[in-house]
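K.L.:
My structure is below; once you've seen it, I'll send some questions.
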Amino acid sequence: MVGRWGIFGIAVGIFLMTGTDARLVGLGIWWVGVLILVDSFIGDGLAVQFLWGIGVGVAVWGFTDGWVEVAVEDRGQLVVAAISLVLALMTVVRSIRSPQRPLPAGGKGQLQRALSQWDLARTQVASGQRLRGGLNYQDTINHLLRCLTQDRSDLMPLHHAMSAAGREGLPVMDQLNATRPLRLYARLTLAAAHLADPVGGQPALVAGAVAGDDNPGMDLNGDGPLSAQARIAGAAQARLLLARFILERPALSWAAVPAWVVGSGGPLNFFGERKRFYQAVLPSCDGMAPEAEARQLAQESVDLYTELCRIVPGYESERERAKRILARSLA
């Protein structure tokens, strides 16, 4: 609804700017419409306060420095039209994504947004709306990553949730041939799964981790227990997904440049974290070319699944799939 008021303000402003007497009034209304529309893109939080503060500051500066008069002239109107066109295109792209479902009663914040978006993505994919579902899986992961940068007191459930959402969403992106998101989110998913893995990818530690996991809580989306077994299996699956994509799509640029070795470095803001998650490589794969990385990831996946099969039943089909990917990487 807020976005509609922004579009209305931009339209009224441009209409008034085509006249002679009301050009300055039209420019003011247009600027307010721009801020409202950008506000609707950003959402809640401190960023909105900065937006309006900067917006008022720019308006005052433009008026006192004479830029307002320049903006209502012919060339200035072309700039206004160009900005309006960009915002209109952004609005069209945004309209492709279904609106978020209402948050649970009393629930606000990034985590609730992420879980609501996740549920929406699943529903859309199940109903055949793969494009919208794929976009909402990306939104889910980004909301979870924002949660990670806002509260670092208990990161493991967030890392596991990011991994789980990625492992669900990546096959959808693959089916849509969304190659850039596929590359970025495959590495992000790998990093999140590795950070949630209680054994750090070491098969020799699997038995002890599973045996010592007496009372796991529920994962964030309520699908099941946040057990060591589930997190190890997630790490194996994330490795296998990236290995398969590298082998099936060799023409894509899979090299992480500059590479971020998962677990290195201190905490960053959201944009810094997202950038390095997009460029993640496991410590065991640091410095490898994509083909060698695919072989290493497939081998690690086979080893983890093999150890899980030795302890608990139910991972035999995943192990055989990993073996097939490994054989392909060695061919």
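Only the coordinates and a few stated rules stand behind these numbers; no lab work does. This one's a predicted model, so the numbers in the text were calculated from it and none came from an experiment. Neighbour counts run over all protein chains shown; Cβ positions are idealised from the backbone, glycine included.
K.L.:
Could you list Lys323, Lys275 so that the one with the fewest beta carbons within 10 Å of its beta carbon is first and the one with the most is last? Could the numbers behind the result be given before it?
P.N.:
Values: Lys323 16, Lys275 13.
So the ranking, lowest neighbour count to highest, is Lys275, Lys323.
K.L.:
Report, by chain and number, residues whose modeled amide H sits under 5 Å from the one on Val261, excluding near sequence neighbours (fewer than 5 apart, same chain).
P.N.:
Distant-sequence amide H within range of Val261: Val281.
K.L.:
HN-Hα J couplings of region 310-327 from phi, Karplus 6.51/-1.76/1.60, θ = phi - 60°, integer Hz, Gly and Pro as x?
P.N.:
Working through the residues one at a time gives 5, 9, 9, x, x, 10, 5, 5, 5, 5, 5, 5, 5, 5, 5, 5, 4, 4 Hz.
K.L.:
Most exposed first by the Cβ proxy, i.e. fewest other Cβ within 10 Å, how do Glu291, Glu273 rank? List each step's numbers first, then the result.
P.N.:
Numbers: Glu291 13, Glu273 19.
So the ranking, lowest neighbour count to highest, is Glu291, Glu273.
K.L.:
Next question, about the same structure. Excluding Ala126 itself, calculate the net charge of residues whose Cβ lies under 14 Å from the Cβ of Ala126, where each Lys or Arg counts +1 and each Asp or Glu counts -1. The partial results should precede the final answer.
P.N.:
Numbers: positive: Arg122, Arg130, Arg132; negative: Asp119, Glu168.
Its environment carries a net charge of +1.
K.L.:
Taking the Cβ of each residue in Met173, Met288 as the centre, tally the other Cβ atoms inside 10 Å and list the residues starting with the fewest. Before the final figure, lay out the partial values.
P.N.:
Details: Met173 25, Met288 17.
Ascending Cβ contact count within 10 Å gives the list Met288, Met173.
K.L.:
While we're here: Quick one: what are the phi-derived ³J(HN,Hα) couplings along region 153-164, Karplus 6.51/-1.76/1.60 with θ = phi - 60°, whole Hz, x for glycine and proline?
P.N.:
Values, residue by residue: 6, 8, 7, 4, x, 5, 4, 5, 5, 4, 5, 5 Hz.
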